[in-house]
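Below is one structure, written out as structure tokens, with a few remarks after it.
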Amino acid sequence: MISDDVIPVAFAVASSPKRYALLLGSGISGGKLPTGREITRGLIQRIAAVSVERIDGDTLDWYRRRYRGEPTFPGLFKMLKARDGDEEAILDGYFTIADEEGKRIAPGPTPAHRTIAVMVKEGLIGLIVTTNFDNLMERALLDQGIQPVVITELSDPEMMSVFPDRCRIVKVNGDYPSTDLRMTPEDLKDYDPNIKDYLHRIISEYGLIICGWSAKDDTGLVRILAGEEHDRERVRRYSTIWCRRKGSTPIPAAVAETLHPSEIEITSADEFFAELHSRIEVLRRYDHKEPMSVSTAVQKVKRILREQRPELVLADLIHEETDRVLESIAARQRRQSAGTNSKENYQAMLRDLEDTAAPLAAMVATVAHYNDTSTDLVTDMLVRLINIPPVAPEIAGFQNTEPRTDQGYTRGLLLLRYYPALLAIYASGIAAARARHFNMLEAIIRRPKRYRYGGTLQETVPIYDLVNIANVLGFNPGWLTDLAQDRFGSDASYRDYPYLALYAILQGLFPNRYAFYESLDIFEYIFGIAYLAEAGDEIRPEEFRSSMPRPLQARHWYRLHDGLPFNPAASLPPLPLHVVTYLADIKRRSAGSDFFGGDLSAFEQANRNYAKAFGIGCPETGIELPESGE
């Protein structure tokens, strides 16, 4: 291998730690253990020997002619008349080697395994997909003090997370001796639906470094990599690197067409990973990244947008910053503050998450303000923030300053993990509303979904009930009021806090606070309309006067023109004039865009339902409903 070939790979891994997954095949083991193909041939030869038959030609072809079918792992052992427990005894010879005294022992990890384990310990790699059955990778990790989560097709789907919070090894072809093994061509044609879905998500979320895998027999895995039989469009955020020895099997055409891998010629996996780790160490020694300020983030995006092809650099910037935020959220959920009571810890976590997410929120707001075309990038970023998994915090030892249960407090902390997503949604949505970028509003408000898993099926559900201010920040209004007054003055309340925090992030995009609040009110109204359009239930007159859904709780209901808080029993004034004026022009301004999927009648029906449910006059939009509508 020419050492310079590995430099781009080292840059990629060093700049995006834990965002490149490894796909490892039998070549990683350095020939210490047989491949699945070799084990298959060995078992067929045993079958022939038991029946005292001679194999002429290729072993697999002989089996097909003799038994008129394809060999499978269960079928081979059935033909060997293996009883319970016999399988492990039969396979043991394939997973051990003879030592100097002729005793059968398990081989040790290779230098490649050990280098990978060091990279995992250093936080460079967090996900390993392997076609191997052995435990050499696990043993190398254990030697580094790392207990990996091993995932097979028998694992609970809840374990199949793409979040880089711990080291996971995905053993797609089975785990000896815990599961059946996929080793014959017939076995390898297809995979369990859970594993297929998991691999598709991995390929979307991670870059791939493929090493020691020829793709020769793994036809099912090749189809997954190529994106076949996948009913959702797959987003690729990072590149694919394929390490091949000279003269080895070419990359399958379908995979090359889909993943566009960069090829690196290597002499061995041991040499490749040693060189990769060495190069990364050099880069890390001289590259110390500091978190960006909000103003720096805004200026970076503005400079990129002025370039001839901004989308190339902009995507890398947004993805990298999103990675940083996600990793910080996971770390913050586990790490407790220096405070000794629950209030201090809650407030510290909220401020930490806000400070972490502010540069990203400012970036995406700048994109939404100046650009109405980078919609997929913005949606993708929001989907990742919304679908961050929970990490149960350790709350033992805190003095509870109010009579609240540990269960309620834990839930309040867990809901804070959505605060970065909330800031990004509001910041970008407010900016898009001011710029009248309706494609971007659609990408921010309606396209992001939450993924929910049940068995083998993935369900996408709307975000409105989960990611709204009242739900994410509503745990303890008193604590939030204290924080608001500490930061923004004695007149501030818990209801003001998120809006004042957002203004601190966005003030560079607005001439003054009044312009900000006008765009905020417009955004919150459209957010509420999107919620009602998704709900689609029959609305009763004034039903929201006594019980307002959380996604509809907006600033203009609490801070009316006279500054009084919202009172459901009082007579309600019409919507603020700036909202009414905006809606009066929305038909013309949004024409030809993807706003509400291009169907403005859905927007108008929800607009009328909003007015009906609050008992206020319906703002005019000029949008007509089909005759069957109200």
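The values are calculated or read from the model by the stated rules, or taken from the named source; none is laboratory data. The shown structure was predicted, so the numbers you read here are calculated from the model rather than taken from an experiment. For neighbour counting, all protein chains shown are included, and Cβ atoms are generated from backbone atoms with ideal geometry for every residue, glycine included. The accessibility values were calculated without ligands, DNA or RNA, using every heavy atom of the protein model including side chains. Shrake-Rupley method; radii C 1.70, N 1.55, O 1.52, S 1.80 Å.
Of all residues in the stretch 606-626, exactly one satisfies the criterion of being of a type outside the set (Gly, Ala, Ser), in a helix (DSSP H, G or I) and under 21 Å from Arg436 (Cα atoms), namely Asn607. Criterion first (in a helix (DSSP H, G or I), under 30 Å from Gly93 (Cα atoms) and open to solvent by less than 60 Å² (accessible area, probe 1.4 Å)) does Ile39 satisfy it? Against the criterion (in a helix (DSSP H, G or I), under 30 Å from Gly93 (Cα atoms) and open to solvent by less than 60 Å² (accessible area, probe 1.4 Å)), Ile39 qualifies.
Among residues of the stretch 528-554 that are touching a residue at least 40 places away in the same chain (Cβ under 8 Å) and among the small types (Gly, Ala, Ser), those with a Cβ under 9 angstrom from a residue that is assigned to a loop (DSSP other than H, G, I, E, B) and open to solvent by less than 80 Å² (accessible area, probe 1.4 Å), sequence gap 6+ or separate chain, pair up as Gly528/Tyr464; Gly528/Pro549; Gly528/Gln553; Gly528/Ala554; Ala530/Arg446; Ala530/Pro462; Ala530/Tyr464; Ala533/Arg446.
Of all residues in the stretch 518-560, those satisfying the criterion of being open to solvent by 20 Å² or more (accessible area, probe 1.4 Å), of a type in the set (Ser, Thr, Tyr) and part of a helix (DSSP H, G or I) are Tyr531, Tyr558.
A Cβ distance below 7 Å, combined with a sequence gap of six or more or placement on separate chains, defines the contacts here; from the stretch 255-278, residues that are outside any helix (DSSP H, G or I) and buried (at least 17 other Cβ atoms within 10 Å of the Cβ) reach residues that are β-branched (Val, Ile, Thr) and at pLDDT 90 or above in the pairs Pro261/Thr240; Pro261/Ile241; Pro261/Ile251; Ile264/Ile241.
Does any residue of the stretch 561-582 turn out to be on the phi < 0 side of the Ramachandran plot, at pLDDT below 80 and surrounded by 15 or more Cβ atoms within 10 Å (Cβ to Cβ)? Yes, there is a match, as at least one residue in the stretch 561-582 is on the phi < 0 side of the Ramachandran plot, at pLDDT below 80 and surrounded by 15 or more Cβ atoms within 10 Å (Cβ to Cβ).
For Val129, indicate whether it is under 28 Å from the mean Cα position of the chain (by Cα) and surrounded by fewer than 23 Cβ atoms within 10 Å (Cβ to Cβ). No.
For (1) over 31 Å from the mean Cα position of the chain (by Cα); (2) at pLDDT 95 or above; (3) of a type outside the set (Gly, Ala, Ser); (4) under 23 Å from Glu442 (Cβ atoms), each residue gets a yes or a no:
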{"site": "Phe488", "(1), (2), (3), (4)": "yes, no, yes, no"}
{"site": "Leu502", "(1), (2), (3), (4)": "no, yes, yes, yes"}
{"site": "Gly508", "(1), (2), (3), (4)": "no, no, no, no"}
{"site": "Phe527", "(1), (2), (3), (4)": "no, yes, yes, yes"}
{"site": "Ala535", "(1), (2), (3), (4)": "no, no, no, yes"}
{"site": "Arg545", "(1), (2), (3), (4)": "yes, no, yes, no"}
{"site": "Pro549", "(1), (2), (3), (4)": "no, no, yes, yes"}
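For Pro34, are the conditions met, namely being in a loop (DSSP other than H, G, I, E, B), within 30 Å of Leu259 (Cα to Cα) and of a type outside the set (Val, Ile, Thr)? Considered against the rule, which asks whether it is in a loop (DSSP other than H, G, I, E, B), within 30 Å of Leu259 (Cα to Cα) and of a type outside the set (Val, Ile, Thr), Pro34 comes out as yes.
Which ones in the stretch 152-165 are aliphatic (A, V, I, L, M) and touching a helix residue (DSSP H, G or I) at 6+ places or on another chain (Cβ under 6 Å)? Walk me through it before giving the result.
Going residue by residue through the stretch 152-165, those that are aliphatic (A, V, I, L, M) are 154, 159-160, 162.
Within the stretch 152-165, Met160, Val162 qualify.
Of all residues in the stretch 205-220, those satisfying the criterion of being open to solvent by 20 Å² or more (accessible area, probe 1.4 Å) and part of a helix (DSSP H, G or I) are Glu205, Thr219.
Looking for something touching a His at 6+ places or on another chain (Cβ under 6 Å) and either among the basic types (Lys, Arg) or open to solvent by 10 Å² or more (accessible area, probe 1.4 Å) (or both) - is there at least one such residue anywhere in the stretch 159-175? Taking every residue of the stretch 159-175 in turn, none turns out to be touching a His at 6+ places or on another chain (Cβ under 6 Å) and either among the basic types (Lys, Arg) or open to solvent by 10 Å² or more (accessible area, probe 1.4 Å) (or both). Could you look through the stretch 584-605, keep only residues that are assigned to a loop (DSSP other than H, G, I, E, B) and hydroxyl-bearing (Ser, Thr, Tyr), and pick out the one that is nearest to the chain's Cα centre (by Cα)? The qualifying residue nearest to the chain's Cα centre (by Cα) is Ser593. Beta carbons closer than 8 Å, at least 6 apart along the sequence or on distinct chains, pair a first residue in the stretch 136-150 that is touching a residue at least 24 places away in the same chain (Cβ under 8 Å) and open to solvent by 20 Å² or more (accessible area, probe 1.4 Å) with a second that is part of a helix (DSSP H, G or I) and hydrophobic (A, V, I, L, M, F, W, C) for Asp143/Ala117; Gln144/Ala117; Gln144/Val118; Gln144/Val120; Ile146/Ala117; Ile146/Val120. Summed over the stretch 487-510, the residues that are part of a loop (DSSP other than H, G, I, E, B) and either of a type in the set (S, T, N, Q) or surrounded by fewer than 14 Cβ atoms within 10 Å (Cβ to Cβ) (or both) give a count of 4.
Can we say Asp5 is without any contact (Cβ under 8 Å) to a residue 24 or more places away in the chain and either farther than 19 Å from Tyr94 by Cα or touching a Ser or Thr at 6+ places or on another chain (Cβ under 7 Å) (or both)? No, not satisfied. If the condition is being open to solvent by 10 Å² or more (accessible area, probe 1.4 Å), in contact (Cβ under 8 Å) with a residue 40 or more places away in the chain and in a loop (DSSP other than H, G, I, E, B), then the stretch 176-191 contributes Tyr176, Pro177, Asp180, Arg182, Pro185, Glu186.
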